[in-house]
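Undergrad: Before anything else, here's the structure in question.
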Amino acid sequence: MSDTVPTAYAGGRARTMEQYGAMMGQAMTGERPNHRPYTQQDGDTFITCWAKSGTTMMQQMFHQMRTGEAGGDMDFDDISRVVPWDDTAFMVDFDMTAPQVAHPRGFKSHREYERLPSGARYVVALRDPKETFVSFYRFLNGWHFEPGALGMEAFMPMWLSGGPGGCDYATHINSWYARVHEADSMVVTYKWVVKNRLHALRQLAALCDVPLTPATEVLVMERTTREYMSAHEDRFDDAMVAKALEDRCGVAAASDSTKVQKTGSSAEALPPVIADQIDALWADRIAPVTGHANFAALAAEVDAVSGEKAK
């Protein structure tokens, strides 16, 4: 990055991590006349995958499942309006107590178990950390950040932070790995869900006590494909966050904020220095807790549990 790039933030998309921090701080200023914090009700479900690990797909699966008997529901401008994102509710001035269009109530988060309300239901898809890095970078490059202004090496602190209201990757995966066998938790891997969406749907329905009909299964399977969600990407582009950033920070809402990437994110795109740092993080913080030397080994165990539940 050029030494002439200013660090002061004057609005618009960030060009440095310092500007990004200032932008997000500015996004949290101002009055919030509509915001009400979350209050728990019986049966609440938290879809709380780590960033770029299938959260949007699971929100869509959950929402279409619970509205399937009525023919499904695509009458929303932002999936996080109908399955609200607790971590950004203050930023977007959202009333977390507002009635939802169907039951059970569902909420999005990126947090670990220990920072969520106890006694709820939890849905978590786990993903290879290197793939999350590439996907996260692609997602914010051209929306929060000026396209190409920030290289992957400079993006590492953002990945480590986990994004708005989230937690770091190691904390998240250690927390949810411990709940793989808990009855209140559906802990799966992102790739397993992609390959076994019908089994994932049935596991989700069982967790949430939602009866499934063959017609609902067909509807949900259709509406959770990459092709369908890409064709309706304006429902999955963080419209409420985009508006908050436009109103408070001058980041054009027309920027590319879609979460439905046309192609998958491959770890092969990582610079070796980033891959090495992620490997070191795994060895230092995740392997001692899970007993798995890498994500592939951990995923094999989690997928085996998912396969047993699918029988």
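Undergrad: Does Leu219 meet the test of being farther than 30 Å from Leu270 by Cα, out of contact with any Asp or Glu (no Cβ under 6 Å at 6 or more places or on another chain), open to solvent by less than 10 Å² (accessible area, probe 1.4 Å) and not in a loop (DSSP other than H, G, I, E, B)?
TA: Values: farther than 30 Å from Leu270 by Cα: yes; out of contact with any Asp or Glu (no Cβ under 6 Å at 6 or more places or on another chain): yes; open to solvent by less than 10 Å² (accessible area, probe 1.4 Å): no; not in a loop (DSSP other than H, G, I, E, B): yes.
So Leu219 does not fit the description; no.
Undergrad: Let me ask something else. For the stretch 222-232: of the residues being outside any loop (DSSP other than H, G, I, E, B) and touching a residue at least 12 places away in the same chain (Cβ under 8 Å), which is most open to solvent (accessible area, probe 1.4 Å)? Before the answer, list the steps.
TA: Within the stretch 222-232, the first condition is being outside any loop (DSSP other than H, G, I, E, B), and the residues that meet it are 222-223, 226-231.
Applying the additional criterion that residues be touching a residue at least 12 places away in the same chain (Cβ under 8 Å) yields 223, 226, 229-230.
Working: Arg223: 45, Arg226: 95, Met229: 10, Ser230: 25 Å².
Once the filter is applied, the top-ranked residue is Arg226.
Undergrad: Another question, then. Please note which helices (runs of 4 or more DSSP H) are completely contained in the stretch 263-311 and include at least 1 residues that are hydrophobic (A, V, I, L, M, F, W, C) and in contact with a Ser or Thr (Cβ under 9 Å, 6 or more places away or on another chain).
TA: Details: elements: 272-281, 287-290, 295-310.
Where helices (runs of 4 or more DSSP H) fall fully within the stretch 263-311 and carry at least 1 residues being hydrophobic (A, V, I, L, M, F, W, C) and in contact with a Ser or Thr (Cβ under 9 Å, 6 or more places away or on another chain), they are 295-310.
Undergrad: On the given criteria, is Ser135 small (Gly, Ala, Ser) and open to solvent by 40 Å² or more (accessible area, probe 1.4 Å)?
TA: Details: small (Gly, Ala, Ser): yes; open to solvent by 40 Å² or more (accessible area, probe 1.4 Å): no.
So Ser135 does not fit the description; no.
Undergrad: I've got another one for you. Look at Thr224 and say whether it is modelled with pLDDT of 95 or more, of a type in the set (Val, Ile, Thr), on the phi < 0 side of the Ramachandran plot and within 17 Å of the chain's Cα centre (by Cα).
TA: Values: modelled with pLDDT of 95 or more: yes; of a type in the set (Val, Ile, Thr): yes; on the phi < 0 side of the Ramachandran plot: yes; within 17 Å of the chain's Cα centre (by Cα): yes.
Against the criterion (modelled with pLDDT of 95 or more, of a type in the set (Val, Ile, Thr), on the phi < 0 side of the Ramachandran plot and within 17 Å of the chain's Cα centre (by Cα)), Thr224 qualifies.
Undergrad: Here's something else I'd like to know. Could you grab the pairs with beta carbons closer than 6 Å, sequence gap of 6+ or different chains, first residue in the stretch 21-37 and under 20 Å from Asp86 (Cβ atoms), second one open to solvent by less than 70 Å² (accessible area, probe 1.4 Å) and outside any loop (DSSP other than H, G, I, E, B)?
TA: Between residues of the stretch 21-37 that are under 20 Å from Asp86 (Cβ atoms) and residues that are open to solvent by less than 70 Å² (accessible area, probe 1.4 Å) and outside any loop (DSSP other than H, G, I, E, B), the close pairs are Ala27/Ala244; Ala27/Leu245; Ala27/Arg248; Ala27/Cys249; Asn34/Asp95; Arg36/Asp95.
Undergrad: Additional query: Pick out the one residue from Arg111, Arg66 that is surrounded by 15 or more Cβ atoms within 10 Å (Cβ to Cβ), over 18 Å from the mean Cα position of the chain (by Cα) and at pLDDT 95 or above. Talk me through it step by step, then tell me what you get.
TA: Working: Arg111 fails: over 18 Å from the mean Cα position of the chain (by Cα).
From the options Arg111, Arg66, the qualifying one is Arg66.
Undergrad: Being open to solvent by 40 Å² or more (accessible area, probe 1.4 Å) and closer than 25 Å to Thr97 by Cβ is the filter here, so list the residues in the stretch 16-37 that pass it.
TA: Answer for the stretch 16-37, where residues must be open to solvent by 40 Å² or more (accessible area, probe 1.4 Å) and closer than 25 Å to Thr97 by Cβ: Met28, Thr29, Gly30, Glu31, Pro33, Asn34, His35, Arg36, Pro37.
Undergrad: Still on this structure, I have one more. Could you say whether any residue in the stretch 174-192 is surrounded by 19 or more Cβ atoms within 10 Å (Cβ to Cβ), farther than 16 Å from Phe46 by Cβ, under 16 Å from the mean Cα position of the chain (by Cα) and at pLDDT 95 or above?
TA: yes
Undergrad: Is it true that Gly11 is part of a loop (DSSP other than H, G, I, E, B) and in contact with a Gly (Cβ under 8 Å, 6 or more places away or on another chain)? So that I can check it myself, show each step before the final result.
TA: Details: part of a loop (DSSP other than H, G, I, E, B): yes; in contact with a Gly (Cβ under 8 Å, 6 or more places away or on another chain): yes.
In short, yes.
Undergrad: Could we say that Val83 is under 25 Å from Met24 (Cβ atoms) and in contact with a His (Cβ under 6 Å, 6 or more places away or on another chain) here? Show your work before the answer.
TA: Numbers: under 25 Å from Met24 (Cβ atoms): yes; in contact with a His (Cβ under 6 Å, 6 or more places away or on another chain): yes.
Answer is yes for this residue.
Undergrad: Just to be sure, is Phe155 among the aromatic types (Phe, Trp, Tyr) and under 17 Å from the mean Cα position of the chain (by Cα)? Break it down stepwise before answering.
TA: Values: among the aromatic types (Phe, Trp, Tyr): yes; under 17 Å from the mean Cα position of the chain (by Cα): no.
Here the answer is no, as Phe155 does not meet what is asked.
Undergrad: Moving on. Go through (1) of a type outside the set (S, T, N, Q); (2) within 28 Å of Ser175 (Cβ to Cβ); (3) modelled with pLDDT of 95 or more for Arg235 and report which single condition fails.
TA: Of (1) of a type outside the set (S, T, N, Q); (2) within 28 Å of Ser175 (Cβ to Cβ); (3) modelled with pLDDT of 95 or more, only one is false for Arg235: (2).
Undergrad: Restricting to the stretch 39-63, count the residues that are of a type in the set (Phe, Trp, Tyr) and surrounded by fewer than 18 Cβ atoms within 10 Å (Cβ to Cβ). Give the steps one after another, and end with the answer.
TA: From the stretch 39-63, those of a type in the set (Phe, Trp, Tyr) are 46, 50, 62; that's our starting set.
Next, only the ones that are surrounded by fewer than 18 Cβ atoms within 10 Å (Cβ to Cβ) stay: none.
So the answer is 0.
The values are calculated or read from the model by the stated rules, or taken from the named source; none is laboratory data. Since we're looking at a predicted model, the values are computed, not measured. Every residue, glycine among them, receives a Cβ derived from its backbone with ideal geometry; neighbour counts consider all protein chains shown. Accessible surface is based on the protein model in full, side chains and every heavy atom, while ligands, DNA and RNA are left aside. Shrake-Rupley method; radii C 1.70, N 1.55, O 1.52, S 1.80 Å.
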